[in-house]
Amino acid sequence: MKRIVTVLPALLVCFFSMTAGAQPIQIPVLTSANALVLQVDSVKNVSVIYFGPKLTNSNEYALVNQTYRQTEDYTNVLDAAYPVAGSRNLLEPALAVKHADGNQSLDLRFVRQEITKTSPDVTLYSIYLKDPVYNFEVLLNYRAYFRQDLIEQWTVIRHHEKGNVQLEKYASANIYLKGGPFYLNQYHGDWAKEMQPEESRITHGIHTLDSKLGTRANLFQPPVFMVSVGKPATEDEGTVLYGALGYSGNFRTDLELDFRDNLKIISGINNYASAYSLKPGEEFETPVLIYLLSSKGKGHASRQMHDWARQYKILDGKGSRLTLLNNWEATYFDFNEDKLKGLLRDTKELGVDLFLLDDGWFANKYPRNNDRTGLGDWEENKTKLPNGIATLVKEATNNQVKFGIWVEPEMVSPKSELYEKHPDWVVKQPAREEHYFRNQLVLDLSNVKVQDFVFGIIDSLFTRNPALAYIKWDCNAVIYNAHSVKLANQSHFYIEYVRGLYNVLKRIRAKYPVVPMMLCSGGGGRVDYAALQYFTEYWPSDNTDPLERIFMQWEYSYFYPAVASANHVTDWGKQPIKYRVDVAMMGKPGFDIVVKHLSENDLRFCKEAITMFRSYNGIVWQGDQYRLADPRLSPVASVLYLAKDKSAGVIFNYLVNNRYGQGSTVPIQLKGLDDKANYRLEEINLYPGTSAALDSTKIYSGEFLMKVGFNPVVNNSRTSVVLKITQVR
Ligand code: GLA
């Protein structure tokens, strides 16, 4: 048990004297495998006393701390559930404020707790904290998803002081872990190089992952990470914590290994240039930090996260997705109605569900014929589309395919009518020269009028074309020269931008709840679990070279399920069409190629693969994913998607190393099967004229396939091999 604080000011001692000697209260936040145990001590400090596998005897949580013999905690708040600044804390705080009277100290003590079961599987633990000196309160929320072992943590901050309180740092959550060493798996990237992993042992001090891009969380660093405890976790072994901040703007995650070797992970909105002035009575609600602890390695953690995301987070996560033909890389800006009508026929010929019209269909005064003009002027370009979108939507229906459209509604070209009419709607510094990212600027979504305008773009597309079936929502610029002419307090800008974005998305979803929308950002620079509440899928990267995609999709798959991954077949890379199509099918496939340029066999292959995909897409989208062979560790990458009832699955295998003699020389062990059942392996997605290397009449036990394995016969003449595995009854 913690020592009673002896350095408290007289007022506090008095305040708490009534409760001195009270028994500590424990608040166990429980999931099926784990317990996160909070404790309220006799002076009402709330600390974390345990986070790990659940104990059978809950009385034993109280014994955990005595098993540690670390150096002294001089502050008595090292293990605080939500560390604050300015009083006893000597390390990184989650919350730092300047009170209305200018005082910068904060102390939070327990007031009460509420436990609400919102569904059989979901429980909300709400812990009310208050500063004994200032009229300042924080509500700590832990929403526990029992089956998936996942917790969403966030806070609500409010006060009733005599003036505004400045929030200097206002993290969503603090996770406190004991028993290292700890290993951080983080990601970095750039355009076309998203999700590059790096693993390192966490050293003492603070390591920060953050973003200051304004419009999105990710480009250089995504808001997801993993921390392994004890040793780096592998696919099937080790203790690993997955973290993901559900926020679409600037974020900041501080990982601090303290002088006693314990780890604090403090994550939330980035306070960079963003001190927030909170009015009396106003509530500041932070985004959620999503985290999940697995003591069975990364594979289990992913499957839990995928289940959670599909059930609770991603829009229509349990649903299916539309396959499509996109014209971006086939035409770029160079098209007209006739060309598009031809592509609509190609869409039907290929056998995909939808044609997606990309960038370039709009603007008249400054036609969108390249990426320098026209963004913001969302009327059809009369030269390219004299009869408007409506004719194309009708033509699509005649071809029995659906029609979708690209928009980039938060952006504006300097050369556009929108910029001319509303220069005050543009994010820029009034007295500084403009600086462009992909030749464009960002609209000021903190302005309600701009929110109405952005909502109006989507609304008018749907009002005019009710049959419109899909939106690709792009975001190709970051914010430079952050400034809003509308905002009185510029340090609210980044926060208000994201609030404005969510306001628009909420309005769109209130009116159009189900239409699929892709979250795109010149690469996967915008995927996060807050945005995915409004989107059915995301664009992992503009880099569609299938070899690169194997690595990227592998990394994304730790955090996001395949149903949300938009994978397009393009002309990037040197691999044959089969390889490109097979890689795209580990998610939601699309095509961005000139169908007419395909050879007869290539086209036949694509059509057959799409038809075949219909027979197993439910397994890829809704099944369990097992990463079998890691492309970073072996010349062959192998990924299994297995139906929940283990009756069938699909295994994708690729050669990822072209050096002499590389291939699947040794068997790959399957995972997740029923060891007592029998299975048959059959090669699918065969290129016309080639034959299977595996004998599909052979029967193997689940035990054999998991203990010995299978060989997909991947080599330099069979670089991509897809196998269907079916239980034989
Ligand atoms: C971004 C997207 C591409 C395409 C272009 C259009 O780069 O990632 O897929 O839509 O914009 O300008």
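The values are calculated or read from the model by the stated rules, or taken from the named source; none is laboratory data. Computed from a predicted model, the values in this text were never measured in an experiment. Cβ atoms come from the backbone with ideal geometry, glycine included; neighbour counts cover every protein chain shown. To get the accessible areas, we keep the full protein, side chains included, count just its heavy atoms, and leave off ligands, DNA and RNA. Shrake-Rupley method; radii C 1.70, N 1.55, O 1.52, S 1.80 Å.
Comparison of Val138, Val133 shows that the only residue that is touching a residue at least 40 places away in the same chain (Cβ under 8 Å), open to solvent by less than 10 Å² (accessible area, probe 1.4 Å) and either β-branched (Val, Ile, Thr) or farther than 21 Å from Arg112 by Cα (or both) is Val138.
Regarding segment 308-330, can at least one residue be identified that is more than 28 Å from the chain's Cα centre (by Cα), modelled with pLDDT of 95 or more and away from the ligand (no atom under 16 Å from the Cβ)? No: segment 308-330 contains no residue that is more than 28 Å from the chain's Cα centre (by Cα), modelled with pLDDT of 95 or more and away from the ligand (no atom under 16 Å from the Cβ).
Contact annotation: residue pairs with Cβ atoms under 6 Å, 6 or more positions apart or on different chains, pairing a residue in segment 464-482 that is among the hydroxyl-bearing types (Ser, Thr, Tyr) and open to solvent by 10 Å² or more (accessible area, probe 1.4 Å) with a partner that is more than 13 Å from the ligand (Cβ to nearest atom) and part of a loop (DSSP other than H, G, I, E, B), are Tyr480/His435.
Among the residues of segment 404-429, how many are more than 16 Å from the ligand (Cβ to nearest atom) and either assigned to a strand (DSSP E or B) or at pLDDT below 95 (or both)? The number of residues fulfilling the criteria is 1.
Among the residues of segment 539-579, which ones are among the basic types (Lys, Arg) and away from the ligand (no atom under 16 Å from the Cβ)? Working first, answer last.
Of segment 539-579, the ones among the basic types (Lys, Arg) are 549, 574, 578.
Selection gives Lys574, Lys578.
Any chance segment 711-728 includes a residue that's of a type outside the set (S, T, N, Q), touching a strand residue (DSSP E or B) at 6+ places or on another chain (Cβ under 9 Å) and more than 27 Å from Cys606 (Cα to Cα)? Looking for residues that are of a type outside the set (S, T, N, Q), touching a strand residue (DSSP E or B) at 6+ places or on another chain (Cβ under 9 Å) and more than 27 Å from Cys606 (Cα to Cα), one finds at least one in segment 711-728, hence yes. Set side by side, the residues Leu167, Leu106 differ, and just one is open to solvent by less than 10 Å² (accessible area, probe 1.4 Å) and touching a Leu at 6+ places or on another chain (Cβ under 6 Å), which is Leu167. Look at (1) surrounded by fewer than 23 Cβ atoms within 10 Å (Cβ to Cβ); (2) within 16 Å of the ligand (Cβ to nearest atom) and you find that Val485 fails only one, number (2). Any chance segment 386-396 includes a residue that's open to solvent by 10 Å² or more (accessible area, probe 1.4 Å), within 12 Å of the ligand (Cβ to nearest atom), farther than 22 Å from Ile457 by Cα and of a type in the set (D, E, K, R)? No: zero hits. Where strands (runs of 3 or more DSSP E) sit wholly within segment 622-713, those with at least 1 residues that are of a type outside the set (A, V, I, L, M), touching a residue at least 40 places away in the same chain (Cβ under 8 Å) and buried (at least 19 other Cβ atoms within 10 Å of the Cβ) occupy 624-629, 636-642, 648-655, 678-684.
Restricting the first member to segment 332-359 and to residues that are within 19 Å of Cys520 (Cβ to Cβ) and among the acidic types (Asp, Glu), and the second to residues that are in a loop (DSSP other than H, G, I, E, B) and open to solvent by less than 30 Å² (accessible area, probe 1.4 Å), the beta-carbon pairs closer than 6 Å and six or more apart or on different chains are Asp353/Thr323; Asp358/Asn327. Of all residues in segment 347-377, those satisfying the criterion of being open to solvent by 10 Å² or more (accessible area, probe 1.4 Å), more than 14 Å from the ligand (Cβ to nearest atom) and under 20 Å from Trp425 (Cβ atoms) are Asn364, Lys365, Tyr366.
Residue pairs whose Cβ atoms lie under 6 Å apart, sitting 6 or more positions apart in sequence or on different chains, and linking a residue in segment 87-105 that is without any contact (Cβ under 8 Å) to a residue 24 or more places away in the chain to a partner that is assigned to a loop (DSSP other than H, G, I, E, B) and of a type in the set (A, V, I, L, M), are Asn89/Val77. Of all residues in segment 200-233, those being at negative phi and open to solvent by 20 Å² or more (accessible area, probe 1.4 Å) number 14. Can you say whether Asn89 is in a loop (DSSP other than H, G, I, E, B) and at pLDDT below 95, as far as the supplied structure shows? So Asn89 fails the test.
For Ser521, the conditions (1) more than 10 Å from the ligand (Cβ to nearest atom); (2) open to solvent by less than 30 Å² (accessible area, probe 1.4 Å) are fulfilled apart from (1).
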